[in-house]
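Undergrad: This is the structure I have questions about; it appears just below.
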Amino acid sequence: MTQNLDRLNALPLRDDLRGRTPYGAPQLDVAVALNTNENTHPVPADVHAAIVEEVTGAAWALNRYPDREFTALREELAAYLGHGLGAENLWAANGSNEILQQILQAFGGPGRTLLTFVPTYSMYPLLASGTHTAFVAGERAADFGLSPESAAEQVRRHRPDVVFLCSPNNPTGTALGADVVTAVYEAGEEFRTVVVVDEAYAEFSHGGTPTALTLLEGRPRLIVSRTMSKAFALAGARLGYFAAAPEVADAVRLVRLPYHLSAVTQATALAALRHSGSLLANVEDIKVQRDRIVEGLTRLGLEPAASDSNFVFFGGMADSRGMWEALLEDGVLVRDVGIPGHLRVTAGTEAETTAFLTSLERILSGA
Ligand SMILES: Cc1ncc(COP(=O)(O)O)c(C=O)c1O
């Protein structure tokens, strides 16, 4: 490891990348992996068959570059989102991580600033550094909430070129009100701030939680980012997308790599979208398990945050690292997000949730 580091340091690496750590959520071979907020339900058989058929068809044309405009996929994504959106409002990339990177390539960059409100998704600072965008860590209240007044004041203070609002927020799990999004957008009017609402977990929200899709009309600098990695159980396919004014898609066309979405990716996503009913059927079950975790943690004397996502952030442990290790010894992998006294657990299948709660109860009882 030290030898690798010495070799890395000997390379003419960009100065601002020296000493940085790459994204690295542990990928361990454990019985119950609940650490990266995947959808742990297997791909349903009818969706599997549809993907295989669509990809088999696409394989005959792999000698050619894929449709650079992925028109059919943008049409299906628009139909899925609704809200009067058309293909011209949609854009897709290899996961919403690439979506966010393309947004920063187009609207961030040297001399420009990204503001977000921590704790939030750990990739945001890495995406900022990779695109040479200055990263400003805005503040939240002690309970990790964010009021419209505080968010707007921080926008006026920092004058960011781009704001990332994560809703529901990773790792804390709670969604932001529409009033926060509109307050941030209005506060950024003077600086022409681009406001991105990262809704990677939107499908898991409690009924009645608003999506920023309803706010797109008349807001040309608002972008709503989504993914098929979570609710659609397609993390391995790498398909993220955004909805925005058509000119935002034109802006990212300037920075995307040619043919960035492979024919295999497009075929997989199309087949999945055409079977969205089957895939999304598991969302309800995951929400039940999520609420069961909140209930179970409360019963065990821990402090779970309210969650609109497929994971639960919880505190109330004196030694969260010790708890993380003890759970791992039982074959249950959760996420230590680096906030003392807190851990984050993904809501899995009923059996996985039971394994997590049983292990936790055993550890807490000292058995
Ligand atoms: C808030 C948030 N946004 C974006 C992503 C990226 O997801 P993907 O690149 O798989 O679409 C994640 C993944 O965990 C996330 O938690």
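The values are calculated or read from the model by the stated rules, or taken from the named source; none is laboratory data. This is a predicted model, so every value here is computed, not measured. Cβ sites come from the backbone with ideal geometry, for glycine too, and all protein chains shown count toward neighbours.
Undergrad: Please verify whether P110 is assigned by the TED database to the domain that holds F164 and surrounded by 15 or more Cβ atoms within 10 Å (Cβ to Cβ), treating the condition exactly as stated. First the steps, then the outcome.
TA: Details: assigned by the TED database to the domain that holds F164: yes; surrounded by 15 or more Cβ atoms within 10 Å (Cβ to Cβ): no.
The answer is no for P110.
Undergrad: Another question about this same structure. Test of understanding: among V248, V196, V224, which residue is surrounded by 17 or more Cβ atoms within 10 Å (Cβ to Cβ) and free of Cβ contacts under 8 Å to residues at least 40 places away in the same chain?
TA: On inspection, the qualifying residue turns out to be V224.
Undergrad: Quick check on this structure: which one of G145, G208 is modelled with pLDDT under 95, of a type outside the set (K, R) and on the phi > 0 side of the Ramachandran plot?
TA: G208
Undergrad: Before we move on, is R140 out of contact with any His (no Cβ under 7 Å at 6 or more places or on another chain), in the same structural domain as G86 (by the TED database) and within 16 Å of the ligand (Cβ to nearest atom)?
TA: Answer is yes for this residue.
Undergrad: Within the stretch 83-125, restricting attention to residues that are of a type in the set (S, T, N, Q) and within 13 Å of the ligand (Cβ to nearest atom), which residue is nearest to A142 (Cα to Cα)?
TA: T120
Undergrad: Give me a count of the residues in the stretch 289-301 that are touching a residue at least 60 places away in the same chain (Cβ under 8 Å) and under 21 Å from the mean Cα position of the chain (by Cα).
TA: 3
Undergrad: Looking only at residues in the stretch 16-41 that are modelled with pLDDT of 90 or more and not in a loop (DSSP other than H, G, I, E, B), which one is farthest from the chain's Cα centre (by Cα)?
TA: So the residue we want is V32.
Undergrad: Oh, and also: Would you check if A178 is away from the ligand (no atom under 12 Å from the Cβ), at negative phi and of a type outside the set (D, E, K, R)?
TA: Judged against the criteria, A178 is a match.
Undergrad: Condition first: in contact with a strand residue (DSSP E or B) (Cβ under 8 Å, 6 or more places away or on another chain) and among the hydroxyl-bearing types (S, T, Y). Now tell me which residues in the stretch 159-198 satisfy that.
TA: Matches in the stretch 159-198: S167, T172, Y185, T193.
Undergrad: Continuing with this model, one more query. May I ask you to list the residues in the stretch 27-52 that are away from the ligand (no atom under 14 Å from the Cβ), surrounded by fewer than 21 Cβ atoms within 10 Å (Cβ to Cβ), more than 18 Å from F232 (Cβ to Cβ) and in contact (Cβ under 8 Å) with a residue 60 or more places away in the chain?
TA: L28, V30, A31
Undergrad: Still on this structure, I have one more. Is there a residue being touching a strand residue (DSSP E or B) at 6+ places or on another chain (Cβ under 7 Å) and either within 16 Å of the ligand (Cβ to nearest atom) or free of Cβ contacts under 8 Å to residues at least 24 places away in the same chain (or both) anywhere in the stretch 257-269?
TA: yes
Undergrad: Only one of these conditions is not met by Y80: (1) hydroxyl-bearing (S, T, Y); (2) farther than 29 Å from F314 by Cα; (3) more than 16 Å from the ligand (Cβ to nearest atom). Which number is it?
TA: (3)
Undergrad: I'd like to check something: does the stretch 336-344 contain any residue that is part of a helix (DSSP H, G or I), without any contact (Cβ under 8 Å) to a residue 40 or more places away in the chain and surrounded by fewer than 17 Cβ atoms within 10 Å (Cβ to Cβ)?
TA: No, the conditions are met nowhere in the stretch 336-344.
Undergrad: Shifting gears a bit: When the residues of the stretch 91-107 are filtered to those that are surrounded by 23 or more Cβ atoms within 10 Å (Cβ to Cβ) and of a type in the set (A, V, I, L, M), which remaining residue is farthest from Q266 (Cα to Cα)?
TA: Here the answer is L104.
Undergrad: Scan the stretch 174-226 residue by residue and report those that are in a strand (DSSP E or B) and among the β-branched types (V, I, T). Quick ask: steps written out before the conclusion?
TA: Going through the stretch 174-226, the residues in a strand (DSSP E or B) turn out to be 194-198, 222-226.
Within the stretch 174-226, V194, V195, V196, V197, I223, V224 qualify.
Undergrad: What do you reckon, is L73 surrounded by 12 or more Cβ atoms within 10 Å (Cβ to Cβ), touching a Phe, Trp or Tyr at 6+ places or on another chain (Cβ under 6 Å), under 30 Å from A245 (Cα atoms) and at pLDDT 95 or above?
TA: On the way: surrounded by 12 or more Cβ atoms within 10 Å (Cβ to Cβ): yes; touching a Phe, Trp or Tyr at 6+ places or on another chain (Cβ under 6 Å): no; under 30 Å from A245 (Cα atoms): yes; at pLDDT 95 or above: yes.
Judged against the criteria, L73 is not a match.
Undergrad: A follow-up question, please. Of the conditions (1) touching a Gly at 6+ places or on another chain (Cβ under 9 Å); (2) surrounded by fewer than 20 Cβ atoms within 10 Å (Cβ to Cβ); (3) of a type in the set (F, W, Y), W324 clears all except one; give me its number.
TA: Just one mismatch for W324, condition (1).
Undergrad: What pairs come out if I take residues in the stretch 154-178 that are without any contact (Cβ under 8 Å) to a residue 40 or more places away in the chain and pair them with residues that are part of a helix (DSSP H, G or I) whose C-beta lies under 6 Å away, six or more apart or interchain?
TA: Between residues of the stretch 154-178 that are without any contact (Cβ under 8 Å) to a residue 40 or more places away in the chain and residues that are part of a helix (DSSP H, G or I), the close pairs are R156/A187.
Undergrad: Looking only at the stretch 156-163, decide whether some residue is within 25 Å of A78 (Cβ to Cβ), within 13 Å of the ligand (Cβ to nearest atom) and buried (at least 18 other Cβ atoms within 10 Å of the Cβ).
TA: Checked the stretch 156-163: no residue is within 25 Å of A78 (Cβ to Cβ), within 13 Å of the ligand (Cβ to nearest atom) and buried (at least 18 other Cβ atoms within 10 Å of the Cβ).
Undergrad: Residue pairs, Cβ under 6 Å, 6 or more apart or interchain, first in the stretch 93-113 and charged (D, E, K, R), second more than 9 Å from the ligand (Cβ to nearest atom). List them.
TA: What qualifies is R112/T133; R112/D161.
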